[in-house]
Amino acid sequence: MTSETINCSTLPSTRDDLFLGIDVGGTNVKLGLVDASGIVHAKAVLATLDLVTPERVCSAAIAFADRVLSSSECSKFHLAGIGLAVPGVLDSQEAVLREVVNLPEWRGKRLQDILDQTRDLPSVVVNDANSAAYAEHALRSLGNKSLALLTLGTGIGCGLVMKGFPYGGDHGCAGELGHIKIRFGKDALPCTCGKKGCLEAYAGSKGVIHQLHSLAKISNNAEVESLTATNSITPLDITARAKRGCGLCNKVIDQTAEYLGQAIGQMAQVIDPAVVLLGGAMTFGGSESKVGQRFLAIVKSTIIATTLEEVGSNLQVEFASLGNDAGVIGAAMVAQQVIPS
Ligand SMILES: [Zn+2]
């Protein structure tokens, strides 16, 4: 256990049932006991390397829930269901991970069976991007409306909630927005997926640094060129420099916003969601900073410029609210859906 927090006695709750959310990543497993309104009553973080297999992760998660619920502070609550959020390509019919990076022991295993064997309770397996999107959707009380949550960072992920339900597609690949093509010519940049011209190659963190490098070269900015050539600059540095008025960094952020707006526009034109949220580590300061606000404004104006009037002008585009806890909250809240009424 790397950290554990219990707040049962300090939080208001009208109901006694809590749901266990398990959010599995390559580095950490996040756990949360969450009530029906999405409030986290207890949470913990475990190191994935200490547990390795899904069987051991599920056992450790249940042990955490039992320990918390047997404490005097939380004794009025009981465990009503379990939600397991996993990265990668999830076959939701079989609850099997078909493709996943950094979790070799998880691939091909029947995760629903493992949950059922760990504790006989209603439970569900969901993709982590979709569970995070579900938490943001619930927070906004969107009912049967649709929402997309983009996670901006090294890669560009996208979780979908369609008409009120997490949506993974028939092959577990719905919402792979990072691999929408935004450039088609011979010069289109190569992507980690093996294809060319994907959004991720331009607007993922490496793509952003590549853009800055190209601009620094054209404008003979030796200082920025050397920083980008040695990979000693990060998107956080780019944000900090942009805030201090660096023209090149501001230009790169504007271009990144345009690339994102183009891809989101294509997605919005197809699924026509009510809300699109931008989250993850690379939001250029987010709503708190002028740089982040301009980034969001350019994403919005690009969507409006590239979609039908009814699609772009009705689409709400905002920064995400829940941060790192979204996956665990969403997993717990999806678990509520599977409880027989
Ligand atoms: Zn790609």
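Look at the range 144-179 and say how many of its residues are farther than 27 Å from D237 by Cβ and within 15 Å of the ligand (Cβ to nearest atom).
Kept after step one, since they are farther than 27 Å from D237 by Cβ, are these residues of the range 144-179: 144-148, 159-176.
From what's left, within 15 Å of the ligand (Cβ to nearest atom): 173, 175-176.
Of the residues in the range 144-179, 3 are farther than 27 Å from D237 by Cβ and within 15 Å of the ligand (Cβ to nearest atom).
Name the pairs: first residue in the range 321-336 and open to solvent by 10 Å² or more (accessible area, probe 1.4 Å), second residue basic (K, R) and in a helix (DSSP H, G or I), Cβ to Cβ under 8 Å, at least 6 apart or on different chains?
none
Show the residue pairs meeting these rules: Cβ distance below 6 Å; 6+ apart or different chains; first residue within the range 159-181 and closer than 23 Å to V328 by Cβ and open to solvent by 30 Å² or more (accessible area, probe 1.4 Å); second residue within 16 Å of the ligand (Cβ to nearest atom) and part of a loop (DSSP other than H, G, I, E, B).
So the pair list comes out as Y167/A174.
Looking at C193, C198, C246, can you tell me which residue is surrounded by fewer than 22 Cβ atoms within 10 Å (Cβ to Cβ) and either within 13 Å of the ligand (Cβ to nearest atom) or charged (D, E, K, R) (or both)?
On the way: C198 fails: surrounded by fewer than 22 Cβ atoms within 10 Å (Cβ to Cβ); C246 fails: either within 13 Å of the ligand (Cβ to nearest atom) or charged (D, E, K, R) (or both).
So the residue among C193, C198, C246 that is surrounded by fewer than 22 Cβ atoms within 10 Å (Cβ to Cβ) and either within 13 Å of the ligand (Cβ to nearest atom) or charged (D, E, K, R) (or both) is C193.
Does any residue in the range 89-112 that is over 15 Å from H171 (Cβ atoms) come within less than 9 Å, Cβ to Cβ, of a residue that is open to solvent by less than 20 Å² (accessible area, probe 1.4 Å) and of a type in the set (S, T, Y) six or more places away or on a different chain, and which pairs are these?
N102/T48; L103/T48; Q112/S123
Scanning for something surrounded by fewer than 17 Cβ atoms within 10 Å (Cβ to Cβ), within 16 Å of the ligand (Cβ to nearest atom) and in a helix (DSSP H, G or I), does the range 207-217 turn up at least one residue?
Yes, the range 207-217 contains at least one residue that is surrounded by fewer than 17 Cβ atoms within 10 Å (Cβ to Cβ), within 16 Å of the ligand (Cβ to nearest atom) and in a helix (DSSP H, G or I).
Could you check the range 258-341 for helices (runs of 4 or more DSSP H) lying wholly inside it with 3 or more residues that are under 21 Å from I156 (Cα atoms)? Don't jump to the end; show me each part of the working.
On the way: elements: 290-306, 309-314, 326-337.
So the answer is 290-306, 326-337.
Restrict the check to the range 105-119 and report whether at least one residue is open to solvent by 10 Å² or more (accessible area, probe 1.4 Å) and in contact with a Phe, Trp or Tyr (Cβ under 8 Å, 6 or more places away or on another chain). Break it down stepwise before answering.
If we filter the range 105-119 for residues that are open to solvent by 10 Å² or more (accessible area, probe 1.4 Å), which is where we start, we get 105, 107-110, 112-114, 116-119.
Still in the running and in contact with a Phe, Trp or Tyr (Cβ under 8 Å, 6 or more places away or on another chain): none.
Within the range 105-119 (the criterion being open to solvent by 10 Å² or more (accessible area, probe 1.4 Å) and in contact with a Phe, Trp or Tyr (Cβ under 8 Å, 6 or more places away or on another chain)), the answer is no, since none of the residues qualifies.
Report, by residue number, each residue of the range 123-140 that is of a type outside the set (A, V, I, L, M, F, W, C) and in contact with a helix residue (DSSP H, G or I) (Cβ under 7 Å, 6 or more places away or on another chain). Quick ask: steps written out before the conclusion?
Of the residues in the range 123-140, the ones of a type outside the set (A, V, I, L, M, F, W, C) are 123, 127-128, 130-131, 134, 136-137, 140.
Listed by number, the residues that qualify are S123, D128, S131, Y134, E136.
The values are calculated or read from the model by the stated rules, or taken from the named source; none is laboratory data. Computed from a predicted model, the values in this text were never measured in an experiment. Positions of Cβ are generated from backbone atoms using ideal geometry, with glycine treated the same way; all protein chains shown enter the neighbour counts. All accessible areas refer to the heavy atoms of the entire protein, side chains included, with ligands and DNA or RNA removed. Shrake-Rupley method; radii C 1.70, N 1.55, O 1.52, S 1.80 Å.
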